[in-house]
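Colleague: Got a structure here, written out as structure tokens. Questions coming.
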Amino acid sequence: MTVPAFEEYVPAIDCICAGCAAQRRAAAGALPVRYGGHPAAHGARRALVLVTAAGVVLGSGVTEAASASGATGDRPAEAAGAARADADGGSPQGGPGPLRGGGASGPPSSTTTTPKLRKSSRADIINRAKKWVSAKVPYSMTKYWPDGYRQDCSGFVSMAWNLPGNEWTGSLAAFGTRIAREELQPGDILLFHNPADPSKGSHVTIFGGWTDYTHTHYTAYEQTKPHTRKKTTPMAYWTNSGNYVAYRYKGLSGGSAGSGSSVTGFPGAGRFGPGASNTYVTRLGRMLVERGGKRFYKVGPGPGWGEADRLATQAFQKAQGWKGKEADGVPGPDTWRLLVSGTGHDIPRTGNGSGGGSGTGAGHGESNPDSKFPGRGHFRPGQSNSHVDRLGRQLVKKGFGKYYTSGPGPRWTEADRRNVEAFQRAQGWRGGAADGYPGPETWRRLFG
């Protein structure tokens, strides 16, 4: 028996030239060598036992995300165990190849330098993903569902994007346009391809929408062990979070994915104001409600522009510290951008319906004589004081109290730290700036 030669190389995942396409094909562990597969990649699919003339036995076995090195740098170390427990548990994948079984046959779609794109709307993508979730398609890197797509993570995305063949994490990027995470909309994907060792950690999920305005968690559709699932997932994933890249399908056409979808680009000032009636007004109202503007709406929001929309928009603008024409109650590009991205300051809870705000966006219209930051030393393990109690109560008022099973109270706990971390991440901070321990700026934004 001839021992195959093992070769190390790193295919370029974003390049569509013939050379890089050939390298990506060569990494296709799911295909026989004569169809472009590479024997070195088969370790990600099954254990190989290669017996040489001297009787030497070679074996290989690879896991994926479960073998990843713990949590990423911007996840607390205490959460590493939970992250590993909720990761996909080791889900290697096959390589690019044709559809199988009930699907159309043909060469792997990535053999062409200009992939043929099939038009697909966001609703189409999510609906296809939901079919596999409903069917609980079992995970497999060697089996194919009746629609012709391979039953692993990249086969699942290939199916949802309606690609002409089965792709892998090293080739999916060629079918998408890279976008910022804050621009994610239903039907986009979050992709991590590890070119140094594709079978270690590489994974891809379909973005189904934000779970709340903090944008720290999202609904993920994914193919993993034991079967396809829809699950609330931390941004961007349980492990290797910092390595995931967001992509949007190049063949995206019109359509929406339901109420969870959003419109990123500003539609124009003409869509808003007296007499306007359209879906953008509805979307504006819903975003304003999420940011603290619910009290302005006795009914709705709806497609018809009304005084409630103007007052809520004005309140949001004033919360950013804007005045005059910048806070006239009609959304412009900056107002829309902050609402869509979930950034900026929320509407204060003044309780008088005036829509006014201090511009700090941190308080709720209440008088707080103790708004001066008391010092970092009060918020550490073992500390117990009134500042911790006041911090916890303010976090709950701001909507960041989900980690409290009881309290809050005067003793500093891990629940306090995690709630502070969630608030800090909602400000767009990462790394050491979102360590869960309040500093002067965190305090200012909380209390104003």
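Colleague: Based on the mean of other Cβ atoms within 10 Å per residue, sort peptides 399-407, 146-154, 182-190 so the most packed one is first.
Modeller: 146-154, 182-190, 399-407
Colleague: Looking at the square roots a ≥ b ≥ c of the eigenvalues of the Cα gyration tensor of the range 269-342, which shape do they give, rounded for a/c under 1.5, prolate if a/b is larger than b/c, or oblate?
Modeller: Note, shape of the range 269-342 comes out rounded.
Colleague: OK, next. From the Cα gyration tensor of the range 188-249, with a ≥ b ≥ c the square roots of its eigenvalues, which class applies: rounded if a/c is under 1.5, or else prolate if a/b is larger than b/c, or else oblate?
Modeller: Prolate, because a/c is 1.5 or more and a/b exceeds b/c.
Colleague: Sorting 444, 178, 248 by accessible area (1.4 Å probe), largest first, what list results?
Modeller: 178, 444, 248
Colleague: Grab the eigenvalues of the alpha-carbon gyration tensor for the range 143-281, scale each by 5, take roots, and send me the semi-axes largest first in whole angstrom.
Modeller: With the √(5λ) rule applied to the range 143-281, the semi-axes are 30, 17, 14 Å.
Colleague: Applying a 10 Å radius around every beta-carbon, put 416-424, 121-129 in order of their mean neighbour count, most first.
Modeller: Descending mean neighbour count gives 416-424, 121-129.
Colleague: Could you tell me which residue out of 185, 270, 245 lies farthest along the dipole of the range 140-287 toward its positive end? Charges go on the beta carbon: Lys and Arg +1, Asp and Glu -1, centred on the Cα centre.
Modeller: Toward the positive end, the furthest listed residue is 270.
Colleague: To continue, here is another question. Could you size up the charge dipole of the range 169-289 around its Cα centre, putting +1 on the beta carbon of Lys and Arg and -1 on that of Asp and Glu, and report it in debye to the nearest 20?
Modeller: 180 debye
Colleague: Report the extension gain between residue 231 and residue 214 in nm, rounded to one decimal, defined as 0.36 nm multiplied by the number of residues separating them, less their alpha carbon distance.
Modeller: 4.4 nm
Colleague: Per residue, how much accessible area does the range 156-196 have with a 1.4 Å probe, in Å²?
Modeller: Here the per-residue accessible area is 22 Å².
Colleague: Provide the net charge surrounding residue 311, with neighbours chosen by a C-beta distance below 14 Å and charges set as Lys +1, Arg +1, Asp -1, Glu -1.
Modeller: Here the charged neighbours net out to +3.
The values are calculated or read from the model by the stated rules, or taken from the named source; none is laboratory data. Note that the structure is predicted; figures quoted are calculated from it, not measured. Please note: Cβ atoms are built from the backbone with ideal geometry, for glycine as well, and neighbour counts cover all protein chains shown. The accessibility values were calculated without ligands, DNA or RNA, using every heavy atom of the protein model including side chains. Shrake-Rupley method; radii C 1.70, N 1.55, O 1.52, S 1.80 Å.
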